[in-house]
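Heads up: the structure comes next, in structure tokens.
Nothing in this text is a laboratory measurement; each read-out follows from the coordinates by a stated rule. In this text, all values refer to a predicted model and were calculated from it rather than measured experimentally. Cβ coordinates were reconstructed from backbone atoms using ideal geometry, including for glycine residues, and neighbour counts include every protein chain displayed.
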Amino acid sequence: MSEASGLAAALAGIASLKTAEAPDAKSGCQGLHTVGREAIVEVGRVFREAGYMLEMLTALDMRAAEQAMHVVYQFNRFGAPDRHRVRVVVPAGEAVPSLADLFGSANWYEREAFDMLGVRFDGHPYLVRILTEEGADYHPLLKDFGVAPAAAEEAAGG
Amino acid sequence: MKETPPPPANATTEELLTQLGPLVHLDVLENLLNQARARSLWPLTFGLACCAIEMMAAGASRFDMDRFGSGVFRPSARQADVMILAGTISRKMGPVVKALWDQMPSPKWAIAMGGCTIDGGPFKYPGQYAIVEGADKIIPVDVYIPGCPPRPEALINGLLMLEQKIKAGKKFHV
Amino acid sequence: MAELIQIASDEDRDTFYLNMGPQHPSTHGVLRLRLHLKGERILSAEPIIGYSHRAHEKMAENRNYIQFLPNPSRVDYLSGMIYSIGYCQAIEKAIGLEVPERAEYIRVICNELNRISSHLLWFGTFLLDLGGVTPFLYCFDDREKILDLLDLVSGSRLTYCYGRFGGLVNDVTDDFLEGTARFCTAFRERLREYDRLVTQNVIFRNRTIGVGVMRPELAQQFGITGPCLRAMGMARDVRRDEPYGIYDRFEFDIPTRTASDCFDRYLVRIAEMEQSMRIVEQALAKLPDGPIMAKKIPRKIAPAKGEYYFAVESARGHFGMFIVSDGSEIPYRIHLRTPSFANLSTMRTVLPGTLLADTVSILGSIDIVLPEIDR
Amino acid sequence: MGRIKEIAKGARSLIGSMGVTLKHLKDEPVTVEYPAERAPISPLQRNAIRLIEKEETPGSHNCIACLQCEKICPSNCISITGYRPEGLAMKRPETFDLNFALCSECGLCLDVCPTATLGYTKVYDKAGYTRADFFHDLLEEYRETEEQVVEHLREADRRKKAEREAKRKAEAEAKAKEAGDAQ
């Protein structure tokens with residue numbers, strides 16, 4: 001328990017971090033946070049020192065509603081789950097500090113988020129495409145990808 | 001030789017071969033060779049996705065492709081006769097498949113196993129960016145086996161159909 | 001290219017790059033490894049993935065929740081049942097749908113059978129990589145028996161689409177129940193045989209003991225899950241830590257080892273098959289009668305606006321589904337957190353310093369499925 | 001000395017392993033000689049879909065061209081066009097095509113079919129020389145009987161309609177009688 005409260009205290013020390021009240025059980029998380037992008041490395045460090053792992057990292061294309069991308073980090077610890085979802089809102093086209101120095105897994109996760117959604121990570125050692133074909137110039141999971149060309153293709157000869 | 005018109009400049013290898021034909025015709029020998037080829041098809045050890053597991057199952061004890069002389073999976077393209085395309089060909093993989101095909105010595109055949117290699121299968125949708133919609137867009141395919149994934153019996157049936165095709169030689173039309 | 005030229009002009013001329021894959025018999029699919037070698041010793045290794053990228057996540061945004069049902073079992077085709085049913089459970093939790101008891105028990109039986117079949121396939125191919133052909137044939141023989149059973153209930157051998165929101169497609173038959181019970185008895189005997197055939201084998205031991213040790217700190221750094229983590233001595237299993245379905249009703253152990261080498265990962269998986277059978281037998285004994293589909297299934301499957309996360313334990317580790325809904329029938333985003341992605345990314349730190357021949361046993365021992373990594 | 005121990009250990013493990021293999025010599029062979037003999041297939045085996053002959057429509061299927069299966073199919077492998085025969089309440093399919101190469105055998109179409117007229121074929125080992133082999137015309141086997149069935153359905157519809165009329169008439173009469181009684 002002391003570990004969890006230590007984590008809470010450390011998180012409270014981060015100025016831009018906002019924690020949502022009592023998350024719904026359906027969210028699968030014990031803590032939901034939003035943080036400014038300059039503080040994400042600090043948050044990562046807090047979680048790492050508390051023995052958490054970076055379980056998942058992905059991004060959401062929210063440009064239609066908020067003109068921004070959401071980068072979602074999910075930290076969890078071994079043993080009884082204590083899952084924290086940390087969200088960073090980035091204006092479209094801007095970069096987020098990389099966690100690759102803190103977590104080994106962040107390296108590939110960030111590359112994937114870059115490949116799929118075009119989010120750039122500052123300080124990443126090797127930010128190149130990971131899944132799509134060589135020479136690809138698109139970010140497939142963006143909401144405006146594949147809509148218009150597909151319709152055109154259908155009309156042309158599909 | 002003089003009568004043969006020169007092949008068009010942009011002809012593919014396949015077209016060239018059909019046009020020129022073999023330089024020496026040895027029908028009896030050729031037939032004999034075809035009989036031998038058909039009964040010792042060595043597939044390339046090459047799995048792309050889900051279907052590869054069924055391909056392995058076809059090679060294992062229950063179905064045993066060895067009964068048809070096809071159980072000798074070769075890890076090197078240079079020793080293989082038949083390429084079983086088992087699984088989705090992604091666009092990143094496309095050039096690799098082509099390179100492997102080019103590395104195989106002639107005569108060579110290809111079996112497209114599963115819906116994905118026939119024309120994209122379940123992964124085909126308007127706007128798909130990741131896969132090659134059909135193996136025959138990259139390499140010539142001889143036998144198609146539908147299913148997702150096809151049962152090992154279907155693969156064996158496909159192999160037998162390929163055997164028929166080979167044995168029939170050039171007289172065979174599809 | 002630039003790297004190559006630079007190396008050539010370096011004083012260290014006896015290093016070279018070796019490209020392993022995407023077509024290589026022991027990379028288990030279409031993985032490509034770029035190895036930098038000095039003689040037989042690996043200086044650095046970079047796995048290159050994406051050769052099996054099939055755009056599952058984009059497909060999710062193009063169809064409704066029901067139409068995404070065939071996809072999860074194709075993400076990881078070796079434990080397709082677990083993925084397919086896990087996806088159903090995730091959506092059921094999101095929309096608050098209760099599943100009948102009988103369906104829950106059948107789901108557990110099928111999941112555990114699928115886990116055994118997945119481990120069996122891994123076992124066979126791992127041994128094949130190390131040069132042993134005989135165990136492969138035995139494993140596939142046993143695996144066929146499981147596939148027959150699953151075929152009997154679901155109609156597919158590999159890529160099941162057996163789960164539905166609120167239950168299952170078909171009820172099980174007596175043939176299936178008897179067959180499963182029979183299989184469990186027979187398979188116990190087979191496991192003992194495998195032990196004699198493989199575990200005691202000197203060549204196998206020499207090629208796996210002390211090979212590919214993952215240092216414990218890697219677990220946190222890379223988020224390793226599944227049998228690889230349990231071979232490090234950490235008894236973490238989603239089925240135990242955050243029970244989903246009815247896993248909290250069964251008694252089973254989480255096998256662990258401590259050396260974290262290839263041999264331990266092998267032993268953990270063998271022990272897991274044993275535990276899976278325990279679960280299957282308990283579920284068979286308790287299987288209640290009743291319907292297999294929930295009574296009231298909403299016509300439109302549309303979770304309320306929000307974000308959902310649901311995790312299941314696949315044969316390879318922690319499989320998480322992050323589902324973002326905007327309240328409509330079409331998912332806004334489904335992100336799949338797959339275990340092998342994290343497990344494979346450790347290769348950059350595990351492989352350097354080992355011998356080239358050991359790469360095969362290390363890669364084999366972490367049990368990767370490429371489409372699950374590339375999605 | 002260590003060398004000899006090593007060899008002894010290796011020999012022991014070799015003999016142990018060979019023992020297992022030897023033990024299996026007496027086992028029945030597990031191989032199914034496929035083209036000659038066929039292993040039993042699950043009755044639920046999923047394959048290409050077909051239209052089942054139904055009781056209500058002897059000699060034919062009972063598809064009403066509601067397009068539910070076409071709509072739910074995740075891989076768009078079904079395409080149906082329907083027509084409404086004269087004097088019939090329900091539609092009938094004019095074409096019902098399946099591109100089996102796209103199918104993922106998920107069975108969603110069977111789930112949604114309101115008349116339960118979809119089922120699976122039993123052919124599980126199909127292979128072909130061209131892609132065109134996998135375009136299935138599901139109505140092929142029923143084309144000849146179509147007119148008959150439409151006539152049969154018309155008859156059934158007429159009968160139903162007549163029954164309904166009679167029922168309504170009876171009810172109306174009863175009502176009139178009731179009203180008369182009340183007066």
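Odds and ends about this structure:
- Rounded to 5, the percent of DSSP beta bridges in the range A:13-132 classed as antiparallel: 70 percent
- A simple rule links phi to the HN-Hα coupling: the Karplus curve 6.51 cos²θ - 1.76 cosθ + 1.60 with θ = phi - 60°, which for the range C:341-358 gives 4, 5, 5, 6, 5, 6, 4, 4, 9, 7, 5, x, x, 8, 8, 4, 5, 6 Hz, with x for Gly and Pro.
- Our note on the geometry: Cα centres of the range B:86-102 and the range D:9-57, 31 Å apart.
- Whether the range C:253-375 is rounded, prolate or oblate, judged on the alpha carbon gyration tensor where a/c under 1.5 counts as rounded: oblate
- Per residue of C:196-204, other chain Cβ atoms within 10 Å of the residue Cβ number 5 on average.
- Relative contact order (%) - criterion: Cα under 8 Å, at least six apart; region: chain C: 26 percent
- Stokes-Einstein D for the range C:1-146, Kirkwood Rh over Cα pairs, 20 °C, 1.002 mPa s (µm²/s): 112 µm²/s
- Packing order of peptides D:5-13, D:65-73, C:220-228, C:330-338, highest average first: C:220-228, C:330-338, D:65-73, D:5-13 (average count of other Cβ atoms within 10 Å over each peptide's residues).
- Counting, for every residue in C:354-362, the Cβ atoms of other protein chains within 10 Å of its Cβ and taking the mean gives 0.
- Restricted to Cα atoms, the range D:138-183 shows a radius of gyration and a Dmax of 19.3, 63 angstrom.
- Of the residues C:Ala283, C:Ala103, C:Ala186, the one that moves most in a GNM of chain C with alpha-carbon contacts below 10 Å is C:Ala186.
- Using the Cβ-Cβ distance between B:Trp42 and D:Glu28 with R0 set to 22 Å, the FRET efficiency works out to roughly 0.15.
- Peptides C:122-129, B:126-133, B:83-90, D:134-141 ordered by packing proxy, namely the average of other Cβ atoms within 10 Å per residue, highest first: B:83-90, C:122-129, B:126-133, D:134-141.
- Descending principal axes extents, the range B:41-142, alpha-carbon based, whole Å: 43, 30, 20
- Each Lys and Arg contributes +1 and each Asp and Glu -1, all at the Cβ; summed about the Cα centre of the range A:2-157, the dipole is approximately 520 debye.
- For the residues A:Tyr126, A:Tyr73, A:Tyr109, a GNM of chain A with alpha-carbon springs under 10 Å puts the largest fluctuation on A:Tyr126.
- Intensity falloff of the range B:109-167 expressed as log10 I(q)/I(0), Debye formula with alpha-carbon point scatterers, at q = 0.13, 0.14 Å⁻¹: -0.34, -0.39
- Other residues with beta-carbon under 10 Å from the beta-carbon of C:Gly179 carry, at +1 per Lys or Arg and -1 per Asp or Glu, a net charge of -2.
- Cα lying deepest toward the dipole's positive end in the range A:76-117, options A:Val96, A:Val86, A:Ala106, charges on Cβ: A:Val86
- Helix D:2-23 vs. chain D, principal-axis angle (Cα, 0 to 90°, nearest 10): 40 degrees
- Exercise: per-residue mean of other protein chain Cβ atoms within 10 Å, A:131-142: 5
- Quarter of the Cα convex hull surface for the protein assembly as shown, i.e. its orientation-mean projected area (nm²): 50.8 nm²
- Per-selection Kirkwood Rh - the range C:253-315 (Cα, Å, 1 d.p.): 16.1 Å
- Approximating the spin labels as points 7 Å out from Cα along Cα→Cβ, the D:Arg3-to-C:Arg299 distance works out to 8.5 nm.
- The alpha-carbon atoms of the range C:11-374, seen along their principal axes, cover 72, 48, 32 angstrom, with the largest extent given first.
- Degrees between helix C:262-286 axis and first principal axis of chain C (Cα, 0 to 90, nearest 10): 10 degrees
- DSSP beta bridge pairing in the protein assembly as shown, given as percent antiparallel to the nearest 5: 75 percent
- Residue separation of D:His152 and D:Ala174 scaled by 0.36 nm, minus their Cα-Cα distance, works out to 4.7 nm of gained length.
- Rough spin-label spacing in nm, given labels placed 7 Å along Cα→Cβ, for A:Ala64 and C:Phe16: 5.4 nm
- Net charge dipole size for the range C:11-374 [Lys, Arg +1 and Asp, Glu -1 on Cβ; Debye, nearest 20]: 500 debye
- Computed [θ] at 222 nm, helices only, for the protein assembly as shown once each DSSP H run of length n ≥ 4 contributes -39500 (n - 2.57): -12000 deg cm²/dmol
- Cα-based Rg and Dmax for the range D:49-145, where Dmax is the largest Cα-Cα distance (Å): 13.4, 44
- Of all beta bridges that DSSP places with both ends in the range B:29-167, some 10 percent have antiparallel geometry.
- P(r) of the range C:158-240 over all Cα-Cα pairs, binned every 10 Å from zero, in whole percent: 13, 20, 32, 26, 10, 0
- Taking one quarter of the surface of the C-alpha convex hull of chain D gives a mean projected area of 23.2 nm².
- The order of the peptides D:87-97, B:106-116, C:104-114 by mean Cβ neighbours within 10 Å, most packed first, is C:104-114, B:106-116, D:87-97.
- Cα centroid of the range C:201-241 to Cα centroid of the range A:7-53, whole Å: 29 Å
- Note on chain A: percent of Cα-Cα distances in each 10 Å bin, starting at 0 and stopping at the bin with the largest distance, equals 10, 36, 32, 15, 5, 2, 0.
- Within-14-Å neighbourhood charge of D:Val30 [Cβ basis; K, R +1; D, E -1]: -4
- Summing +1 for each Lys or Arg and -1 for each Asp or Glu among the other residues whose beta-carbon sits under 13 angstrom from that of B:Ile156 gives -3.
- The range C:271-322 and the range D:98-174: distance between their alpha carbon centers, rounded to Å: 35 Å
- Under a model in which nothing but the beta-carbon of Lys, Arg (+1) and Asp, Glu (-1) is charged, chain D shows a dipole of about 1060 debye around its Cα centre.
- Cβ-based charge dipole, the protein assembly as shown, positive-most Cα from A:Val35, C:Tyr138, B:Phe73: C:Tyr138
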